[in-house]
Structures are given as structure tokens and as C-alpha cells.
Amino acid sequence: MKPTTVEERVVVPAREGRAVTVTAGQRVRVVDLEGGQVGDLFAFAAGDPAEHLSASHTRSRTSRLFPAVGEPFLTDRRRPILTLVSDTSPGWHDMLIAACDPARYAALGVRGAHASCAENLHRSLAGLGLTSGVTPQPVNVFMRIPVQESGELRWLPAVSRAGDAITFEAVMDCVVVLSACPQDLVGINGNGPSPLAIDVLSG
């Protein structure tokens, strides 16, 4: 078997987003460069960005709240778009929480501008000449939101370590967008936002 190599590395600066295009069968790896950083991951069908990865449709397929290695992620048209193929992190990845947006920060007391994953998503798509009429619920990689028996959600700091990575395989040609979450008012990012990387793999 030919060894896997990094064909392209895209560094996602803290509080920003980036997009990459991948073809069916290609793998894309998200790396926590410094540790403790949440990433909002989105994916869109390359031929029609109106079709996107849907956490709710994925949960209905897998009957799980959170993703597991070997399982698919479905679009809002119930077609597989990505498969989770490996994970070297402690395994916390959220599929319940919406992307942060200006309204979220306003509700938290922010006055004025604050970076957000929703804005990072649309800015990253625009960089490829694409638009989306919605902000889909992301897969929040490295985000630790356990569900208590009472149904309560807990917002805990990410426990991913520097170099931890989660790898997906594209089931269809798609655009993958990653936002290095800028959340600094709720303690999910530990000591504060830091960069991530997207590795597009070959082999």
C-alpha cells in the first residue's frame, strides 16, 4: 500500500476559517496544532453547495449523539459525504451545538464586532466563489459537550493535545470548511483560541 503523504497543508489561524476542495476517495485531516482548540467543520457537495453535511440527518442514520470511527456523515439529502476514518485525539467531537454567530456573542454581552464560526464559514466559501443560504450545524471537532443523565449539557474545555488529529475520507467530491472557533467567553477553548491545520492527504 502506498504511504499516505500530505499533499497540501492549510493552516487555519486562530479565530479564522479556511476551505479546501477534495475529491471522492481523498482524505482530509484536521490537526490541533497547540492543543485545546475546537474546530467547526462543515462540508458541502462540490457540484451543489445547497447540499451540505447535516448533523441531524447523520444522527438519524447512526443512532448516536457523537461520531465514531468507521461511521458516515450524511447530507441533508441523506447521502454520505464524509466518513470518519481515524482519530488520535481523546475522541470528544460534538454534533449538538450550533456554530457561534454575532447573535450568540451579543447574547453573551459582546458589544461591537466579534469573530464567529458562521462568518468564517461564509467568508471561506466566498473565497472559492461559493455561497450558502444557510449556516449548517457543524461537526465540532475536539469540542467536549457531555450530556448528563438529567439532559443537561456541560461546556467543558477541549482536552485535545498538540498534534492530535481526526481524519475524514470524502465519499463525494466536496468542499470542506474549518473554522478555528473564536469562542473566548465560554471556556471550550481552554486558554483561548489557537490555530488548527487542514491536511489534504494523498496515497
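The values are calculated or read from the model by the stated rules, or taken from the named source; none is laboratory data. Keep in mind it's a predicted model, so treat the numbers as computed, not measured. Please note: Cβ atoms are built from the backbone with ideal geometry, for glycine as well, and neighbour counts cover all protein chains shown. To get the accessible areas, we keep the full protein, side chains included, count just its heavy atoms, and leave off ligands, DNA and RNA. Shrake-Rupley method; radii C 1.70, N 1.55, O 1.52, S 1.80 Å.
State the volume of the convex hull built on the alpha-carbon positions of region 10-53, expressed per residue in Å³ and rounded to an integer.
That works out to 93 Å³ per residue.
Would you compute, from DSSP H runs of 4+ residues alone, the mean residue ellipticity of the chain at 222 nm, taking -39500 (n - 2.57) per run and dividing by the full residue count, rounded to the nearest 500?
My calculation for the chain gives -3500 deg cm²/dmol from helical runs alone.
Taking 7 Å along the Cα-to-C-beta vector as the label spot, tell me the residue 110-residue 150 distance in nanometres, rounded to one decimal.
2.9
Between 0 and 90 degrees, rounded to the nearest ten: what's the tilt of helix 117-127 against the longest Cα principal axis of the chain?
For helix 117-127, the angle is close to 40 degrees.
Place a +1 charge on the Cβ of each Lys and Arg in the chain and a -1 charge on the Cβ of each Asp and Glu, then give the dipole magnitude about the Cα centre in debye, rounded to the nearest 20.
Result for the chain is approximately 140 debye, rounded to the nearest 20.
Run the quick spin-label model on residue 185 and residue 63: label points 7 Å from Cα toward the beta carbon, then report their separation in nm to one decimal.
4.0
Just the number, please: carbon plus sulfur as a percent of the accessible area of the chain, 1.4 Å probe, no ligands or DNA/RNA counted.
Taking all protein chains in place, the chain shows 50 percent carbon and sulfur surface.
Enumerate the calculated ³J(HN,Hα) couplings along region 28-41 in order (Karplus 6.51 cos²θ - 1.76 cosθ + 1.60, θ = phi - 60°), each rounded to whole Hz, writing x wherever the residue is Gly or Pro.
10, 10, 9, 10, 7, 6, 10, x, x, 10, 8, x, 8, 9
Once Kirkwood radius over Cα pairs in Å is worked out from the coordinates, which option in (i) 16.8; (ii) 17.9; (iii) 17.5 does it equal?
Label of the calculated value: (i).
Give me the accessible area per residue for the chain, probe 1.4 Å, as a whole number in Å².
Value returned for the chain: 44 Å² of accessible area per residue.
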